Amino acid sequence: LLKRIDRFATAPNMSLEELYAASDRKPEFIPSPFEDMSREDLEKDMVRRPTWRYHHNIPVLEHPVNERTLHSAYARRVSTMFAMLDDAIERTGIDISKASICDLACAEGFVAGRLVDQGAKSVDCFELNREQIERLHLVNAWKSRTGIAVHNLDFEAPFWSRNLNKYDLLMCLGI
């Protein structure tokens with residue numbers, strides 16, 4: 001990665017825009033493979049996977065409340081993030097129904113999903129882990145949720161972050 005960045009950083013007499021144009025790698029959009037599946041088949045796919053980080057208010061993913069499990073602790077962490085996010089949005093006065101929103105390292109998409117459920121028209125999600133991306137797509141398909149575009153976060157692309165300044169709300173939660 002450092003060699004790729006150095007190759008661009010040391011290019012003689014090139015503007016930043018020219019450097020951006022020279023970058024041939026863009027974040028990969030990842031379409032959902034689950035959109036045409038029945039809810040029953042989606043649920044079967046969900047339960048065959050290892051324990052989920054969060055239940056997404058989907059009955060087959062809910063676990064009995066047990067204060068001694070990692071799952072319960074993580075679910076409380078997600079609830080805390082939701083409260084912090086709601087507070088931050090309220091304090092800044094951002095109208096999420098009109099805002100451009102980006103969720104970096106979105107995991108299973110619980111934050112992006114919450115924002116869409118609260119009225120956001122679209123959220124661009126970026127994630128490294130393919131399993132997390134699949135889970136995000138499964139949840140969106142089960143909930144018939146639209147408005148979430150999922151991209152592979154590619155640190156090999158030297159300027160993957162060049163368009164992040166276009167968002168009204170940029171989140172990188174839980175990292």
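Working from Cα pairs under 8 Å separated by at least six residues, relative contact order for the stretch 47-140 is 22 percent. A simple packing score, the average count of other Cβ atoms within 10 Å per residue, orders the peptides 102-108, 147-153 as 102-108, 147-153, with the highest score first. Using C-alpha pairs below 8 Å separated by at least 6 residues, the relative contact order for the stretch 29-99 is 19 percent. Percent of Cα pairs in the stretch 41-111 per distance bin of 5 Å, from zero to the largest separation: 3, 13, 20, 22, 16, 12, 9, 4, 0. Amide H contacts for CYS125 (H built 1.01 Å from N in the peptide plane; partners 5 or more residues away or on another chain; cut-off under 5 Å): ASP103, ALA149, VAL150, HIS151. Over all projection directions, the Cα-based convex hull of the stretch 33-175 averages an area of 9.2 nm². Rounded to 0.05, the FRET efficiency of the SER72 and SER97 pair, given R0 = 35 Å and the Cβ-Cβ distance, is 0.60. Sorting VAL116, VAL47 by accessible area puts them as VAL47, VAL116; the probe is 1.4 Å, largest comes first, and only protein heavy atoms count. Among the protein heavy atoms, those of THR92 account for about 90 Å² of accessible surface (1.4 Å probe, every chain in place). For the residues ARG162, ARG53, a 1.4 Å probe over the protein chains yields an accessible-area ranking, largest first, of ARG53, ARG162.
Legend: residues VAL111, VAL60, sorted from most to least accessible area (1.4 Å probe; ligands, DNA and RNA excluded), read VAL60, VAL111. Remark: spin-label model distance ASP36-SER79 equals 4.0 nm, labels positioned 7 Å along the Cα→Cβ axis.
The values are calculated or read from the model by the stated rules, or taken from the named source; none is laboratory data. Since the model is a prediction, treat every value here as computed from it, not as a measurement. In this analysis, Cβ positions are derived from the backbone assuming ideal geometry, glycine residues included, and neighbour counts consider all displayed protein chains. Protein only, heavy atoms only, side chains kept; ligands, DNA and RNA dropped before computing areas. Shrake-Rupley method; radii C 1.70, N 1.55, O 1.52, S 1.80 Å.
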